[in-house]
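Notes follow the structure.
The values are calculated or read from the model by the stated rules, or taken from the named source; none is laboratory data. What you are looking at is a predicted structure, and each value in this text was computed from that prediction instead of being measured. Here Cβ is always computed from backbone atoms with ideal geometry, including for glycine, and neighbour counts include all displayed protein chains. With ligands, DNA and RNA removed, areas are computed over all heavy atoms of the protein, side chains included. Shrake-Rupley method; radii C 1.70, N 1.55, O 1.52, S 1.80 Å.
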Amino acid sequence: MSAFYSKRIASILPYVAGEQPKDRKYVKLNTNENPYPPSPKAEAALHGFDAASLKLYPPLEMRGLREAIARAEGVAPENVFCGNGSDEILAFCFPAFFDEGGAGAAFADVTYSFYPVFCNFFGIPAHILPLNEDFTLDLGALSALPAQGMVVANPNAPTGIGIPLSAIEPFVRENAGRIVILDEAYMPFFGQSAVPLTKTCKNLVVVKTFSKGYALAGMRCGYAIADRELIAGLERCRDSFNSYPVDSVCQAVCAAAIGDADYYRERTAQVISERERLTEQLQKRGFFVLPSAANFVFARHAARGGREVYEGLRARGVLVRHFGVERIREFCRITVGTAAENDALLSALDDLLSR
Ligand code: PMP
């Protein structure tokens, strides 16, 4: 560690993303990417992009992209904020809506592990609520914490459990005096988005991404939908770091993608149907599988440890994600792949379990 590091950089614990190995070709089911390619319209926008225009900075207001998102989400462009992946938007949400050394942010013990990293980085106290025994979230208990606001991933990661909108709505309304951040990265696979609530709930930020449902993880684009005043808060934050977090190519490709609802409806239905098949097949092989509303399943084997399953699959060319942390040590998170990829996973498992 360099002596030139600031105290902040020397003391933080950065987030560790899932591995992207190059040593051999794996069946890659470890980072919840979409197994299908993006829409042909997105591909056409990429090929048709005018390279000469790259000499200019990207459209500052991202008008075209924000209008396309607004149309798809049924909101006004003023209520849309775009960023370099939803990770960047979440990174802005913490300093935008939580005070350094203030009342803090409340979230679950088993959820997206970037939230505690952001808290740590920005000096925001974290109130951590243990999930119930069955990994569901007690929204009443979360509300009872004396925090400045709450962050909820819905569906949750890495559990995959979704909270119905009928439970989210009263939760957001009861907390009208506090900020609620809903991370809907996996919402396309659940279909109960809280975006319509942003029209009447001035305390709600819904964060979404092009990475999962739109199969554009490599583009790095996410967006938030909220009341105009909250969006302006995110803009203040962004404009204190980088005026152009979303490049011109990305703006064009994502705008084209989100306009192709028919294509994505079909792909999403395929992922969901494979998710159900995978769940059933894992259960047949002795796995306990949490009910998933996402594009991955979280599963624990009755007799084999989580690390053993992860390592055994890795040795057989299949990558899944294992978190060596309390409560979920015996689980593996498995991204739903194509039918062929899921079959490869299942035969690797058969081989592993037969030994
Ligand atoms: N939220 C959750 C719950 C996630 O799992 C991820 C993906 N790691 C993200 C947000 C960030 O996705 P991206 O930055 O690609 O939009």
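The chymotrypsin sites (Phe, Trp or Tyr not before Pro) of the stretch 1-46 meeting both criteria, a DSSP state outside H, G, I, E and B (loop) and at most 13 other C-beta atoms within 10 angstrom of the site's C-beta, are F4, Y5. The calculated Kirkwood hydrodynamic radius for the stretch 1-112 is 19.2 Å, given to one decimal from all distinct C-alpha pairs. Length available on full extension from R228 to E308: 0.36 nm per residue minus the Cα-Cα distance, which gives 23.9 nm. Which loop-located trypsin sites (Lys or Arg not before Pro) does the stretch 187-249 contain, where loop means any DSSP state but H, G, I, E or B and the Cβ has at most 13 other Cβ atoms within 10 Å? Of the trypsin sites (Lys or Arg not before Pro), the ones in loops of the stretch 187-249 whose Cβ has at most 13 other Cβ atoms within 10 Å are K202. Using C-alpha pairs under 8 Å with a sequence gap of at least 6, the mean separation divided by the residue count of the stretch 40-260 gives a relative contact order of 29 percent. DSSP assigns beta bridges within the stretch 40-260; of those with both partners inside it, close to 40 percent run antiparallel.
Protein heavy-atom accessible surface, 1.4 Å probe, per residue over the stretch 40-260: 39 Å². In this simple spin-label approximation, K7 and E169 carry label points 7 Å from Cα along the Cα→Cβ vector, and these lie 4.8 nm apart. In order along the stretch 326-342, the Karplus-derived 3J(HN,Hα) couplings, from 6.51 cos²θ - 1.76 cosθ + 1.60 at θ = phi - 60°, round to 3, 6, 10, 3, 8, 9, 10, 9, 10, 6, 6, x, 5, 4, 5, 5, 5 Hz, and Gly and Pro are given as x. Applying both filters, DSSP loop and at most 13 other Cβ atoms within 10 Å, to the chymotrypsin sites (Phe, Trp or Tyr not before Pro) of the stretch 151-260 gives F241. In the assembled protein chains, V16 presents an accessible area of approximately 100 Å² (probe radius 1.4 Å). Counting charges near A261 (Lys, Arg +1; Asp, Glu -1) among other residues having Cβ under 14 Å from its Cβ returns a value of 0. Net charge of the neighbourhood of K28, taken over other residues with C-beta under 10 Å away and scored Lys/Arg +1, Asp/Glu -1, is -2.
Of all segments of the chain bounded by GluC sites (Glu not before Pro) found in a DSSP loop with no more than 15 other C-beta atoms within 10 Å, the longest spans 134-325. Computed over the chain, the per-residue total of -39500 (n - 2.57) for DSSP H runs of n ≥ 4 gives a 222 nm mean residue ellipticity of -11500 deg cm²/dmol, rounded to 500.
Charge tally for E133 (other residues, Cβ to Cβ under 15 Å; Lys, Arg +1; Asp, Glu -1): -3.
Comparing T200, T279, T338 in a Gaussian network model of the chain where C-alpha atoms under 10 Å apart are linked, the largest mean-square fluctuation is found at T200. In summary, the aspartates and glutamates within cross-link reach of K55, defined as a Cα separation below 12 angstrom excluding same-chain residues under 8 places away, comprise D247.
Based on the alpha-carbon gyration tensor of the stretch 187-304 and its eigenvalue square roots a ≥ b ≥ c, which shape applies: rounded if a/c is under 1.5, prolate if not and a/b is larger than b/c, or oblate? Prolate, because a/c is 1.5 or more and a/b exceeds b/c. The portion of the accessible surface of the chain made up by carbon and sulfur, rounded to a whole percent, is 55 (1.4 Å probe; DNA, RNA and ligands excluded). The lysines whose alpha-carbon is closer than 29 Å to the alpha-carbon of K25, local same-chain residues fewer than 8 away aside, are K41, K212, K284.
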